[in-house]
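Written out below as structure tokens is the structure these notes cover.
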Amino acid sequence: MGSWHIIFTLGIFLAAGLLSGTLGELFRLPKVTAYLLVGVILGPAVFGVIPREHLEELSPLADLAMALVLFNLGCHFTLSRLKRLFHRVLPISLSEILATFFAVYVGLMLIGESGSAAILLGTMAIATAPATTILVLKEMESEGPISEYTGIMVAINNLVSIIAFEIIFVAVYFFQSDSQVASAFTQLGHLSLDIFGSIFIGVFGGLMISYGNAVIKGSRRIIMLIALIALALGLCRTTGLPYMLTFLAMGFTVANSLVEEDVPKVEMELNPLTGFLCVLFFIIHGAELEPERFIHAGLIGGGYIVLRLLGKYFGVFISAKVRKEEPEVSQWLGTALFAQAGAAITLSAIAVSRDPVLGGHLQTIILGSVVFFEIVGPIMIRQSVLRAGEVPLIHAIHHTAGDPISEFQAMIRRFLVSFGLLSENDQPHDEINVEQLYRKNVKGILQTATFNEVISFIEHSHDNTFPVIGSNEEVVGVIRYQDLSNTLFDPKIGSLVRAADLANNLETVVYPDDSLALVWSKFREGSYDCLPVVSREQPHRMLGVIRRWEILKYYIKGHRSAQGIETKQGH
């Protein structure tokens, strides 16, 4: 029986991406790692659900995703920003590049690798996965020196890795053969044309985007953006030019030729498409990973992984310490650069096309190590920005916000309203009051609770509103989950901050003898998912909480019961 249509595969990937993203949140994994893992499971390496030919047919979408990510990265490199950061980033970047190169090159030589393979692996070790790194930073919404430096260093790493690989491969090829000097110069000439050709396409495409943005209005602008990016990608793929440089140059050109306030608008227009394609990119990429290659890489592969990690970390650590950078930079910047995939895989494929024996050996090691770097790398990026205190608190908390039952009840209510079976403005009947419906076994957060205790409480709750109580169990305020997006997660102040410091003033409370109609009106006025129930006497001691979805549940059941009574009476 033939395989199913490729559209069915596309549906499987998207459904799997949706599920893996939810599981990633549950297990505190970056979504990128979750997508990669589900790709490995669906791919030929495990269950083989997806036909291998479908992976090849979908690869242009993966290329387009990478192009959009690189374009987005380039859009952050305005000249003013580069001038501000470059003198600080460049010494650290050079230290990290040299440390990684020499650690891998010398270390692999010491454990028995040939000189030509070791030096080429040293150049490939420099490369950092741009899509993985940038998307984890975007997912975490991180801001600070680690996030800023990482974006620039990823671009520098890949540029240096590509150029160094090409130059060193020409040198290795020249010294291992009887080639003439003219042949080496020919190869270097091709390299120069590739680099300048890529940059030219990127700059020209960027100028066209800036011009088109000024003359094309409305929804046609997104068509113009995708058309120019697709044309540039197609031209690079047709001519064999390295498209990574093209889209970094394109984004850089847009950032410096467009009106400053229009650059975020361009990024925002592309974000939905980028997000959609990146889900496919990582699941396809995961399906293409071959975990057994990790074993085949053997001692050299294991050595490459360890040496690359040491080079990245200590290259940054030593330079940052010498330059007296913030402690967070020296400690966590190196670990944010561990991910590796696209550039190194591409370089290993180039090596195979030029020298099947040497290239095949390099490719085995790279493909084996990529399995490790792509799974562990995103986790380390997440930890780096978390521990450096560059992430909003809301992203540091594993909180299952939104109760599935409440969402189901709300959906049923909307469905009934749409068919005229309920009125949008209907209110619950007054037959019962809060006393009969609220949850009495729900506790609040003590105002003296530490920062870590607050996080633990939120992580174990399905609510989005958390009453803060004093020594006499009186409600002194509330912490709302959505308000935490404005608070930075800083692990260093965990022992200093208390719940009272995070609480907002108490605006709305409910009393046990309140009618449901009154409480429902309070819910409709605000965006609360639950409200604290307190005693009327002073101090207002917390008795429990009443949840919006429970009133909805009672309301819908009551309405259906009333309909049943009317039907019986009619008969």
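The values are calculated or read from the model by the stated rules, or taken from the named source; none is laboratory data. Nothing here was measured: the structure is a model prediction, and the numbers come from that model. Reconstructed Cβ throughout: ideal geometry from the backbone, glycine too, with neighbour counts over all protein chains shown.
Might you let me know whether segment 87-108 holds any residue that is small (Gly, Ala, Ser), farther than 24 Å from Leu310 by Cα, touching a Leu at 6+ places or on another chain (Cβ under 6 Å) and assigned by TED's automatic domain parsing to the domain that holds Lys312?
Within segment 87-108, none of the residues are small (Gly, Ala, Ser), farther than 24 Å from Leu310 by Cα, touching a Leu at 6+ places or on another chain (Cβ under 6 Å) and assigned by TED's automatic domain parsing to the domain that holds Lys312.
May I ask you to verify whether Ala214 is among the aliphatic types (A, V, I, L, M) and touching a residue at least 60 places away in the same chain (Cβ under 8 Å)?
The answer is no for Ala214.
Tell me whether segment 315-322 contains one or more residues that are in contact with a Leu (Cβ under 9 Å, 6 or more places away or on another chain) and at pLDDT below 90.
Among the residues of segment 315-322, not one is in contact with a Leu (Cβ under 9 Å, 6 or more places away or on another chain) and at pLDDT below 90, which makes the answer no.
Of everything in segment 152-174 that's small (Gly, Ala, Ser) and more than 25 Å from the chain's Cα centre (by Cα), which residue is modelled with the highest pLDDT?
The qualifying residue modelled with the highest pLDDT is Ala164.
Consider Leu241 carefully, then state whether it is assigned to a loop (DSSP other than H, G, I, E, B), farther than 30 Å from Thr33 by Cβ, at pLDDT 85 or above and in the same structural domain as Ala117 (by TED's automatic domain parsing).
When the stated conditions are applied, Leu241 passes them.
Yes or no: segment 359-367 includes at least one residue that is part of a helix (DSSP H, G or I) and either at pLDDT below 85 or surrounded by fewer than 17 Cβ atoms within 10 Å (Cβ to Cβ) (or both).
yes
Tally the residues that are under 15 Å from Ala118 (Cβ atoms) and small (Gly, Ala, Ser), restricting the search to segment 345-362.
Of the residues in that region, 3 qualify.
Looking at (1) at pLDDT 85 or above; (2) part of a loop (DSSP other than H, G, I, E, B), which is the one condition that is false for Ile546?
So Ile546 meets the others, but not (2).
Looking at (1) closer than 24 Å to Val371 by Cβ; (2) surrounded by 23 or more Cβ atoms within 10 Å (Cβ to Cβ), can you tell me which one Ser114 breaks?
Answer for Ser114: the failing condition is (2).
Only helices (runs of 4 or more DSSP H) wholly contained in segment 255-347 count here; list those with 1 or more residues that are under 26 Å from Ser219 (Cβ atoms), assigned by TED's automatic domain parsing to the domain that holds Thr132 and under 21 Å from the mean Cα position of the chain (by Cα).
263-288
Please determine, by comparing only the residues of segment 104-121 that are in a helix (DSSP H, G or I) and among the hydroxyl-bearing types (Ser, Thr, Tyr), which one is farthest from Gly302 (Cα to Cα).
Looking at the filtered set, the residue picked out is Ser116.
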